[in-house]
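Participant: Please find one structure pasted underneath; my questions will follow.
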Amino acid sequence: MERDIDQAVKAIVNAGYVIALTGAGISTESGIPDFRSAGGLWAKYNPAEYATIEAFRSDPEKVWRMLFDMVDITVSARYNAGHAALAELEKMDILRCVITQNIDNLHQEAGSENVIEYHGNVSRLECLYCGQDYDKNEFDAVTLIQNRIPPICKKCGEILKPAVILFGELIPEEATVRSLEAARKADAVLVIGTSAVVYPAANIPLVAKQNRAVIIEFNTETTALTNFATDIFIQGMAGQTLPEMVRRLKAAR
Ligand code: NAD
């Protein structure tokens with residue numbers, strides 16, 4: 001691992017444009033299980049039944065049973081050393097943006113400013129009927145969560161949906177356009193804690209690779225990308241490997 005981190009440092013020092021793609025794995029050390037973990041949401045709820053836009057439209061109260069469990073998990077989570085290392089890389093003028101598949105808002109809480117969200121953010125709410133958006137702080141979240149009462153639109157009275165992308169919904173166009181533009185410009189992509197099987201986000205490293213970017217992967221285990229596109233594989237927990245890389249980058253500058 002030591003040698004791999006040194007190789008990554010060298011590649012980053014030589015790169016003009018560095019971006020990151022993150023997945024659920026960067027937040028497991030914050031206590032949010034990823035898709036594979038035994039305690040993950042999908043072990044309890046069948047996504048085809050609970051996580052589609054059709055399910056929300058036909059029975060929002062049922063989908064909110066799953067959403068309340070999602071909120072329970074994310075509301076108490078705090079960013080970890082991996083998120084903080086990426087925020088620091090941005091402040092060092094090395095990292096241009098973080099493209100994330102996560103909905104937990106932890107990159108922003110750690111201080112990352114240029115975050116492109118593929119699957120939305122659980123801290124915002126939207127009304128599918130009148131289009132009104134809300135910040136979660138506009139509601140008495142504690143009471144709603146404790147009593148399992150879905151939040152209601154203050155304008156039209158319909159049940160609100162967290163601004164996360166359910167299956168069957170389109171990825172926000174702005175996220176697709178901005179991330180593809182970043183992928184085309186990238187000289188190096190840090191791919192962190194993602195199994196790289198959910199498209200179109202999994203396309204980002206592939207588009208960058210076509211343009212000769214170096215793909216540096218951080219994961220506890222190998223993924224669909226590792227033998228196929230990854231140039232440097234750094235095995236370990238992102239909360240340890242990322243801060244160590246930042247420490248060595250500072251020493252190398
Ligand atoms: P995934 O669950 O498919 O894969 C997670 C990956 O992270 C795995 O390859 C695993 O080996 C790796 N990993 C786990 N702990 C790690 C650690 N400490 N350090 C480094 N790597 C680690 O996640 P994905 O690829 O992001 O799947 C996509 C979907 O999961 C997205 O749609 C996303 O919205 C959703 N999701 C998000 C959250 C969140 O917001 N935190 C949580 C669960 C699922």
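Participant: Tell me the residue from Thr52, Thr22 that is polar (S, T, N, Q), out of contact with any helix residue (DSSP H, G or I) (no Cβ under 6 Å at 6 or more places or on another chain), within 25 Å of Arg212 (Cα to Cα) and within 16 Å of the ligand (Cβ to nearest atom), please.
Facilitator: The conditions single out Thr22.
Participant: Checking the conditions here, which among Lys155, Lys209 is buried (at least 17 other Cβ atoms within 10 Å of the Cβ) and of a type in the set (Lys, Arg)?
Facilitator: Lys209
Participant: Considering Val197, Val246, Val164, Val191, which residue is open to solvent by 50 Å² or more (accessible area, probe 1.4 Å) and under 25 Å from Asn80 (Cα atoms)?
Facilitator: That would be Val197, the only listed residue that is open to solvent by 50 Å² or more (accessible area, probe 1.4 Å) and under 25 Å from Asn80 (Cα atoms).
Participant: How about the stretch 212-241: which of its residues are over 13 Å from Gly25 (Cβ atoms) and loosely packed, with under 15 Cβ neighbours inside 10 Å?
Facilitator: Selection gives Arg212, Ala224, Asn227, Phe228.
Participant: Being assigned to a strand (DSSP E or B), closer than 22 Å to Pro47 by Cβ and within 16 Å of the ligand (Cβ to nearest atom), is that true of even one residue in the stretch 172-191?
Facilitator: no
Participant: Kindly evaluate Met66 against the criterion of being near the ligand (Cβ under 10 Å from one of its atoms) and part of a helix (DSSP H, G or I).
Facilitator: No: the conditions fail for Met66.
Participant: Does the stretch 30-47 contain at least one residue that is in a loop (DSSP other than H, G, I, E, B), within 11 Å of the ligand (Cβ to nearest atom) and of a type in the set (Ser, Thr, Tyr)?
Facilitator: Scanning the stretch 30-47, I find at least one residue that is in a loop (DSSP other than H, G, I, E, B), within 11 Å of the ligand (Cβ to nearest atom) and of a type in the set (Ser, Thr, Tyr), so the answer is yes.
Participant: On to the next question. Identify, by number, the condition in (1) modelled with pLDDT of 95 or more; (2) within 16 Å of the ligand (Cβ to nearest atom); (3) assigned to a loop (DSSP other than H, G, I, E, B); (4) not acidic (Asp, Glu) that Pro205 doesn't meet.
Facilitator: With respect to (1) modelled with pLDDT of 95 or more; (2) within 16 Å of the ligand (Cβ to nearest atom); (3) assigned to a loop (DSSP other than H, G, I, E, B); (4) not acidic (Asp, Glu), Pro205 is out only on (3).
The values are calculated or read from the model by the stated rules, or taken from the named source; none is laboratory data. Note that the structure is a prediction, hence the values are computed from the model and not measured. Note that we place each Cβ from the backbone using ideal geometry, even for glycine, and neighbour counts take in every protein chain shown. Note: accessible area is taken over every heavy atom of the protein model, side chains too, but ligands, DNA and RNA are not part of it. Shrake-Rupley method; radii C 1.70, N 1.55, O 1.52, S 1.80 Å.
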